[in-house]
1. Say R0 is 30 Å: what FRET efficiency, to the nearest 0.05, do B:Ala46 and B:Arg17 get from their beta-carbon distance?
2. Beyond 13 Å, how much of the Cα-Cα pair distribution for segment A:18-80 remains, as a whole percent?
3. Straight distance only, please: which aspartates and glutamates reach the Cα of B:Lys50 with their own Cα at less than 19 Å, same-chain residues fewer than 8 apart left out?
4. Look at the axis of the rotation that sends chain A onto chain B, then give the chain A residue with the nearest Cβ and the distance in whole Å.
5. Give me the inter-chain shielding for B:40-49: mean count of other chain Cβ atoms within 10 Å, whole number please.
6. Starting from 0.36 nm per residue, how many nanometres of slack lie between A:Glu55 and A:Asp35 once their C-alpha separation is accounted for?
7. How well do other chains shield peptide A:60-66, expressed as the mean number of their Cβ atoms within 10 Å of each residue Cβ?
8. In nm, what does the list of distances from B:Val61 to its counterparts in the other copies look like, shortest first, when each label sits 7 Å along Cα to Cβ?
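Bear in mind that the values in this text are calculations on the coordinates, not laboratory data. Bear in mind the structure is a predicted one, so any value in this text is a computation, not a measurement. Positions of Cβ are backbone-derived with ideal geometry, glycine not excepted, and every protein chain shown enters the neighbour counts.
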Protein chains: 2
Amino acid sequence: MSILQFFSRKGSAPVARDRLQILLAHERAVGGQNDLVGVLREEILAVIAKHVPVEPDNVRVKMERGEAISTLEVEVDIPSQAKVRVALSA
Amino acid sequence: MSILQFFSRKGSAPVARDRLQILLAHERAVGGQNDLVGVLREEILAVIAKHVPVEPDNVRVKMERGEAISTLEVEVDIPSQAKVRVALSA
């Protein structure tokens, strides 16, 4: 199944705002590194925040730690005026 | 469908090496920013390379630009000795 189907399954109507989604998974071999997802999480959020406004109410972060796979889901709603790098303070 | 099913569908046998997968999608509103995925690609690869050895033959990067959605898929096989930060030069 291509990644496009995974994302577009969340609703086919045109979206009113841009949306950025990141799914990260670390599949571990026996005895592999354990917390790579936790390590990458902050740095990936910092990379995103350099390019789009990331405020508490427009970002959702979810981490799941399974036995063999740990995952991180980040979803950011991008306000339409976001093209102006300096967001107007509320 | 939870993200775990998306990743674990790629084979249920325990993996011999750690594997890191990142799926990134930018769903654009009409007239939204166009190349956010291209902008984020290099910086996310740089974040990964800080923590695991990223060599040409153990990383696969795929970008798809659709009308409403652009996606980036990154898959990194992590050599089992990767815990030693300084990889032994070949």
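1. Efficiency, rounded to the nearest 0.05: 0.85.
2. 62
3. A:Glu27, A:Asp35, A:Glu42, A:Glu43, B:Asp18, B:Glu42, B:Glu73, B:Glu75, B:Asp77
4. A:Leu23, 2
5. 4
6. On the way: separation 20, 0.36 × 20 = 7.20 nm, distance 2.54 nm.
Stretched out fully, the A:Glu55 to A:Asp35 stretch lengthens by 4.7 nm.
7. Per-residue shielding by partner chains comes out at 1.
8. 2.4
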